[in-house]
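Below: one structure, written as structure tokens.
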Amino acid sequence: HLNLSNVLMKFGDLEGAKKVITKSLSLEPERSEAHFILGHILEQSGELKKAKEHYRTALSLNAEYLPANVNLGRVLRELGEFDEAISLYINANSTGVDSPEIQLNLGNILQHVGRLEEADKAFRNAITLEPKFPEAHYNLGNTLQDMGCLNEAWVSFQKALDINPKFFIAFSNMYLSIPALCHDILTKQTEISFIEELIDALPTPPEPDILRLRLRSLTGGDTEEAWNNVAGNMPTIQSETILNDNSITPPSIIRSEHSSQRKMVALLHFGRSGSGYLHSLLDDHPNISTLPGVYMSGFFGREVWDRISRKGFQEIPERFSSLYKVLFDARNPEKIPPADISDTYNNKSVGEKEGFVKMGPNQDTPLTLDRGQFLENLGEVINGLEGEDLGDAINGSIVF
């Protein structure tokens, strides 16, 4: 029963898993693993208060059950019971039930409630237990940033990226902190060479080049050289990519017949552009529903588009709809990609969290869209375009 419930959970059948594990508990009520699994199912279903009780029961049966400690603290944090979550993790540490994950979660809660020095200590404890723990280095950087220790924060971000070069969220935080760093540079509190050395040590261009361009643009440095490095290190898509049996030209179509590849030069972000206000105007309309931007979190991220397009653009409709299942059924419990550090405690479906499972006059109807029709319509659009038309469409003309 334990194994079957785990398999059902992996396939997304939470109701089936719940029935099986409930049967297991009827056969053996004192089994800590069964209470833990039921707690996990309830947590995934958004029933956090019930999940909390089963995690507690699991711990009462086995005080050294590490996963139950980790998950109970996470649920307490999600419920806003911060003091109890902190006490739980500190007690786990004092009784020898410690782990990098417990210290990371403890640090996250302490940072959330503004106890920054204690958070700093917890993250450093996590790193002591597991030196190659990128999340701990990253969150330590966030805490140091909140404490105003920008140089040290950048060192922590650099260490996170050194361990995991695809930890792209660290680049975002570094980019956002550059103006404050530049103030320190211009007021002679920090040497620009120190920051540039850190940038030089960063992996996965062009992100480091973008940081350097931003740094130099704010401090009066050589922006032309920095810009050339950004443009020179932008990803390319080879025109030889075969999409299907008909060899349709790929989306980054080459304007010149004699060129073998085309480089992306830049993406310019204009912010929200009033979309939140537009949502507020439409949301009260009886026949219109607007999706919050959080539904598409990370849509333009490097890893997300690699996952969406890696098998060619003919596969985009299927791969997109598989990654964003919540768009077609708000009850779907899977996280939208990417699951960043900021999502650590988001164990509800984004559809449930945003209220799209309780719609209609009686607030009992989930938002669903016809996935089959989406696949058919977008597939027809892609199949009906050739050459530069396909490139133009994918590069900005198609609106899903």
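The values are calculated or read from the model by the stated rules, or taken from the named source; none is laboratory data. Not measured: the values here are computed from a predicted model. Note: ideal-geometry Cβ built from the backbone for every residue, glycine included; neighbour counts use all protein chains shown. With ligands, DNA and RNA removed, areas are computed over all heavy atoms of the protein, side chains included. Shrake-Rupley method; radii C 1.70, N 1.55, O 1.52, S 1.80 Å.
Descriptive notes on the structure:
- Only one of the numbered conditions (1) modelled with pLDDT of 95 or more; (2) closer than 23 Å to GLN44 by Cβ is violated by ASP83, and that is (2).
- Qualifying residue in segment 355-371 (condition: at pLDDT below 85, small (Gly, Ala, Ser) and over 27 Å from LEU161 (Cα atoms)): yes
- For segment 165-184, a tally of residues being open to solvent by 20 Å² or more (accessible area, probe 1.4 Å) and either more than 23 Å from the chain's Cα centre (by Cα) or polar (S, T, N, Q) (or both) returns 6.
- Residue satisfying condition, being part of a loop (DSSP other than H, G, I, E, B), open to solvent by 30 Å² or more (accessible area, probe 1.4 Å) and modelled with pLDDT of 65 or more, within set PRO337, PRO333: PRO333
- Some residue of segment 294-316 being part of a helix (DSSP H, G or I), modelled with pLDDT under 75 and within 20 Å of PHE374 (Cα to Cα): yes
- The set of residues in segment 89-104 that are touching a residue at least 24 places away in the same chain (Cβ under 8 Å) and either within 16 Å of GLN145 (Cβ to Cβ) or out of contact with any helix residue (DSSP H, G or I) (no Cβ under 8 Å at 6 or more places or on another chain) (or both) comprises THR95, GLY96.
- Restricting segment 5-38 to residues that are in a helix (DSSP H, G or I) and charged (D, E, K, R), the residue that is surrounded by the most Cβ atoms within 10 Å (Cβ to Cβ): LYS18
- Of residues in segment 90-106 being touching an Asp or Glu at 6+ places or on another chain (Cβ under 8 Å) and crowded, with 23+ Cβ neighbours inside 10 Å, the one nearest to GLU135 (Cα to Cα): LEU104
- Whichever residue in segment 122-152 is among the charged types (D, E, K, R) and not in a loop (DSSP other than H, G, I, E, B) and, among such residues, is least open to solvent (accessible area, probe 1.4 Å): GLU135
- For segment 39-76, the set of residues classified as open to solvent by less than 50 Å² (accessible area, probe 1.4 Å), assigned to a helix (DSSP H, G or I) and either charged (D, E, K, R) or at pLDDT below 90 (or both) consists of GLU43, GLN44, LYS52, ARG74, listed by residue number.
- Among the candidates GLY114, GLY107, residue that is free of Cβ contacts under 8 Å to residues at least 40 places away in the same chain and in a helix (DSSP H, G or I): GLY107
- Residue check, ASN139 in contact (Cβ under 8 Å) with a residue 60 or more places away in the chain and out of contact with any strand residue (DSSP E or B) (no Cβ under 9 Å at 6 or more places or on another chain): yes
- Unique residue being over 24 Å from the mean Cα position of the chain (by Cα), aliphatic (A, V, I, L, M) and modelled with pLDDT under 80 when the list is LEU282, LEU291: LEU282
- Selection status of ILE86, among the hydrophobic types (A, V, I, L, M, F, W, C), open to solvent by 60 Å² or more (accessible area, probe 1.4 Å) and either under 26 Å from SER349 (Cβ atoms) or in contact with a helix residue (DSSP H, G or I) (Cβ under 8 Å, 6 or more places away or on another chain) (or both): no
- Count - residues of segment 185-222 that are acidic (Asp, Glu) and open to solvent by 60 Å² or more (accessible area, probe 1.4 Å): 4
- Residue match in segment 381-400 (condition: part of a loop (DSSP other than H, G, I, E, B), open to solvent by 60 Å² or more (accessible area, probe 1.4 Å) and modelled with pLDDT of 80 or more): no
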